[in-house]
Amino acid sequence: MPRLPAPDYPADVKARLAADAEEVIARYPDSRSALLPLLHLVQAEDGYVTRTGIRFCAEQLGLTTAEVTAVSTFYSMYRRKPSGDYQVGVCTNTLCAVMGGDAIFEELKEHLGVDNGGTTDDGAITLEHIECNAACDFAPVVMVNWEFFDNQTPRSARQLVDDLRAGRTVEPTRGAPLCSFKETARILAGFPDTRPGAVAATGGAGPASLVGLRLARGETPPGHADHVVSPRATADGPTDEAAGPTHEEGE
């Protein structure tokens with residue numbers, strides 16, 4: 001049997017979301033371009049993209065629900081079913097996997113009693129494996145609501161989820177303080193993070209990344225004072241050292 005039309009939001013909720021949607025849509029010359037942030041907006045309201053949220057986005061942008069559904073199901077960042085307050089993602093891409101990501105993922109699946117994409121009975125955590133998060137020098141990496149928890153082990157990851165479920169404060173390795181998945185979704189919709197100090201919190205590249213940059217520049221890596229590395233090239237071309245020993249030096 002065909003599904004009945006999705007129910008609408010309560011009047012007060014719809015009015016509040018419509019005001020937010022108007023602000024989002026005004027950022028774009030073509031209203032359709034606002035669909036991605038609007039999907040984050042309704043996800044911030046419901047915790048996932050509901051049929052009601054799809055209907056709301058369609059009405060705000062003059063699209064069909066089929067068009068909105070096509071976009072919301074294409075991107076993995078939009079949830080299709082109720083999920084936890086904390087999205088715990090374990091990177092299982094190549095480097096993180098070989099550094100221990102696979103072991104962490106298996107440990108958490110067993111410890112939490114869920115499979116990939118599953119949510120704990122208390123609604124606290126949804127576990128998933130994720131693709132590369134461009135933090136290979138911190139491998140293996142676990143992300144919670146897209147905040148970094150670097151250099152993890154099965155033991156530390158297990159403690160992390162236990163702390164989250166117990167309501168204890170956990171601090172990301174770098175970046176803004178942790179917030180709930182709904183709060184994260186609202187930030188991704190383009191609304192400011194008003195928590196004190198959240199905007200100022202940040203994190204730069206890791207030491208391994210910076211060592212690679214120094215090597216490329218011909219600088220001496222930290223802790224290797226006896227190891228001289230020449231620049232790859234100068235404005236006039238490769239240096240003598242970069243080019244290797246001369247015939248006379250070889251003799």
Segment 84-124, Kirkwood Rh and Cα Rg, ratio Rg/Rh at 1.01
Going residue by residue through segment 190-195, the Karplus relation 6.51 cos²θ - 1.76 cosθ + 1.60 with θ = phi - 60° gives ³J(HN,Hα) values, rounded to whole Hz and with x marking Gly or Pro, of x, 9, x, 7, 8, 5
Karplus-derived 3J(HN,Hα) from phi for segment 28-45 (6.51 cos²θ - 1.76 cosθ + 1.60, θ = phi - 60°), whole Hz, x at Gly and Pro, runs 10, x, 10, 4, 4, 5, 7, 4, 4, x, 5, 5, 5, 4, 6, 5, 5, 7
Under 5 Å from the placed amide H of Arg174, counting only residues 5+ away or on other chains, we find Phe148
Burial-style ranking of 124-130, 15-21, average other-beta-carbon count within 10 Å with highest first, yields 124-130, 15-21
For Lys14, the lysines lying under 30 Å Cα to Cα, once residues fewer than eight places off in the same chain are dropped, come out as Lys81, Lys182
In whole percent, the Cα-Cα distances of segment 11-74 spread across 5 Å bins from 0 upward as 4, 20, 35, 26, 13, 2, 0
With all protein chains present and a 1.4 Å probe, the order of His40, His111 from largest accessible area down is His111, His40
If each part is reduced to its alpha-carbon centroid, segment 93-159 and segment 1-69 end up apart, in Å, by 31 Å
Sparse-neighbourhood loop hits (trypsin sites (Lys or Arg not before Pro), segment 74-132; DSSP loop; Cβ within 10 Å at most 13 others) -> Arg80
Heavy-atom accessible area of segment 11-74 with neighbours in place, 1.4 angstrom probe: carbon+sulfur share in percent works out to 54 percent
Sequence order, segment 89-105: Karplus ³J(HN,Hα) from phi using 6.51 cos²θ - 1.76 cosθ + 1.60, θ = phi - 60°, Hz rounded, Gly and Pro as x, gives x, 9, 5, 10, 6, 3, 5, 4, 4, 6, 7, x, x, 4, 5, 5, 4
Under a 1.4 Å probe, counting only protein heavy atoms, Phe148 has an accessible area in Å², nearest 10, of 40 Å²
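The values are calculated or read from the model by the stated rules, or taken from the named source; none is laboratory data. Owing to the predicted nature of the structure, the values given are computational and were not obtained by experimental measurement. FYI the Cβ positions are ideal-geometry reconstructions off the backbone, even for glycines, and counts take in every protein chain you see. Just the protein is used for accessible areas: all its heavy atoms, side chains included, with ligands, DNA and RNA removed. Shrake-Rupley method; radii C 1.70, N 1.55, O 1.52, S 1.80 Å.
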